[in-house]
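Please read the structure below before turning to the comments.
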Amino acid sequence: MIYFDNSATTKPLDACIETYGKVAANYFANPSSLHRYGTKVNELHEQARTLVANKMGVLAEEVIFTSGGTEGNNMAIKGVAGFYSNRGKHIITTAIEHPSVQNTMDALEAQGFEVTRLPVDATGVVSVDVLMEALRPDTILVSVMHVNNEVGSVQPIREIADVLATRSQTFFHVDHVQGLTKVPLDVTGIDLVTVSGHKIHGLKGTGVLFKKKHVSLVPLLDGGGQEFGLRNGTENTAGAVAFAKALRIGFEEQSAKLPELLAIRDYLLETLGAMPEVSVHTDGTHAAPHICCFSVVGHRGEVLVHALEEYDIYVSTTSACSSRAKLASSTLKAMQVTDDEAVGAVRVSLSYQNTMAEAQRFIEAIRVVIKNLNEVVKQ
């Protein structure tokens with residue numbers, strides 16, 4: 001099997017599964033319990049928090065364990081909106097965010113907030129100048145994803161942080177789910193950062209929201225005060241420890257394997273781009289090293305996905321969170337890609353476990369698939 005759908009989810013590392021199992025079996029007490037057993041579990045939980053904080057360059061008290069990217073994005077955006085609405089009700093985001101951000105913004109608009117959605121250029125990148133023009137005295141939050149989950153475009157996070165540095169009334173949230181262990185992120189000047197475990201070979205249901213000390217949030221759930229009162233509910237210590245392990249291993253792989261990953265992606269972009277029937281939507285000079293998005297002219301994305309299944313190759317149609325709706329990608333439409341091409345978009349997303357040989361087999365298969373589909377259309 002060739003698994004090229006790693007932006008949807010990754011295969012959990014054996015080490016993470018083993019760690020989760022050992023902790024769940026041997027440290028199952030409630031970390032909030034006062035007895036010695038509960039204290040041991042709490043110590044393990046806090047060790048995981050410290051390890052994550054050290055790897056990300058933040059304080060341990062700024063690490064909030066979550067269930068993943070969707071919860072983290074909701075917690076950050078709704079939390080800031082709820083706590084600071086007395087300062088203003090204007091929020092800035094982009095037209096290419098993940099559904100967990102887009103739909104959260106829609107929900108806030110229904111509550112009376114005003115949301116400005118920044119456009120992107122043909123490479124899927126926002127303009128810092130346009131963002132500056134959109135800022136208002138009542139802007140309380142700017143939320144911009146680091147790496148787009150469909151085409152891999154990398155946003156100018158450092159430049160945006162610099163713009164916002166003098167605006168103490170405006171917080172900066174970054175969805176770093178797709179960039180973690182793939183594209184470095186300097187968290188200086190960023191107030192909230194969302195990451196997810198199952199995108200880096202950890203387990204589903206694990207993740208972290210990094211929240212700087214000076215930021216206050218209204219919690220999504222009320223309860224017993226866990227995770228500094230911001231993520232109420234009995235802690236998932238086994239998940240937290242497994243996430244910490246996935247993060248450590250992920251950064252090690254980034255140091256050792258990033259050039260190889262980039263070479264595979266560049267091979268795909270170059271080879272696909274040379275095919276007359278293919279339109280490539282990922283700009284290699286402005287994109288992450290693991291995502292390649294393209295369309296085959298005249299064919300829908302889901303048809304290509306199912307055709308590649310016959311070769312035991314697994315890719316996706318843009319975002320897995322909205323692919324079953326069979327709608328044209330909102331990201332591609334924002335990039336001014338035509339509807340005919342947008343509904344035919346396919347995303348190849350890599351991990352450090354993929355190889356050049358797999359990429360070459362994929363190219364061989366897609367050539368045959370395109371040839372066969374074209375012959376069917378001609379009949």
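Remarks
- Pairs spanning more than 27 Å between alpha-carbon atoms, out of Lys22/Lys78; Lys40/Lys199; Lys182/Lys204; Lys199/Lys333; Lys22/Lys212; Lys213/Lys245: Lys22/Lys78; Lys40/Lys199; Lys22/Lys212.
- One chain, two ends: His214 and Gln47. Fully extended at 0.36 nm per residue, the span grows by 57.8 nm beyond their Cα-Cα distance.
- Given +1 at the Cβ of Lys and Arg, -1 at the Cβ of Asp and Glu and no other charges, the dipole of region 14-249 around its Cα centre is 660 debye to the nearest 20.
- Largest-first principal axis extents of the Cα set of region 1-45 (Å): 48, 17, 11
- If the chain linking Arg248 and Ile363 were pulled fully straight, counting 0.36 nm for each residue of separation and taking away their Cα-Cα distance, it would gain 38.2 nm.
- Where labels lie 7 Å past Cα in the beta-carbon direction, separation of Asn54 and Val130 in nm: 4.2 nm
- Estimated from helices alone, the mean residue ellipticity of the chain at 222 nm is -13000 deg cm²/dmol (sum of -39500 (n - 2.57) over DSSP H runs with n ≥ 4, per residue).
- All-pairs alpha carbon distance profile, the chain, 20 Å steps from 0, percent: 29, 55, 16, 0
- What the chain shows is 42 Å² of accessible area per residue, with the surface traced by a 1.4 Å probe over protein heavy atoms.
- With N counted as the residues of region 1-147, its alpha-carbon radius of gyration over 2.2 N^0.38 Å works out to 1.36.
- Extension gain for the segment Asp106 to Asn26, taken as residue separation times 0.36 nm less the Cα-Cα distance, is 24.5 nm to one decimal.
- Longest site-free stretch - the chain; sites: trypsin sites (Lys or Arg not before Pro), DSSP loop, at most 11 other Cβ within 10 Å: 1-212
- Annotation: average projected area of region 181-234 is 4.7 square nanometres, based on the convex hull of Cα atoms across all directions.
- Percent of Cα-Cα distances greater than 23 Å, calculated over region 205-361: 54 percent
- Efficiency of FRET between Tyr311 and Ile17 - r from beta-carbon atoms, R0 30 angstrom, step 0.05: 0.60
The values are calculated or read from the model by the stated rules, or taken from the named source; none is laboratory data. Note that the structure is predicted; figures quoted are calculated from it, not measured. FYI the Cβ positions are ideal-geometry reconstructions off the backbone, even for glycines, and counts take in every protein chain you see. All accessible areas refer to the heavy atoms of the entire protein, side chains included, with ligands and DNA or RNA removed. Shrake-Rupley method; radii C 1.70, N 1.55, O 1.52, S 1.80 Å.
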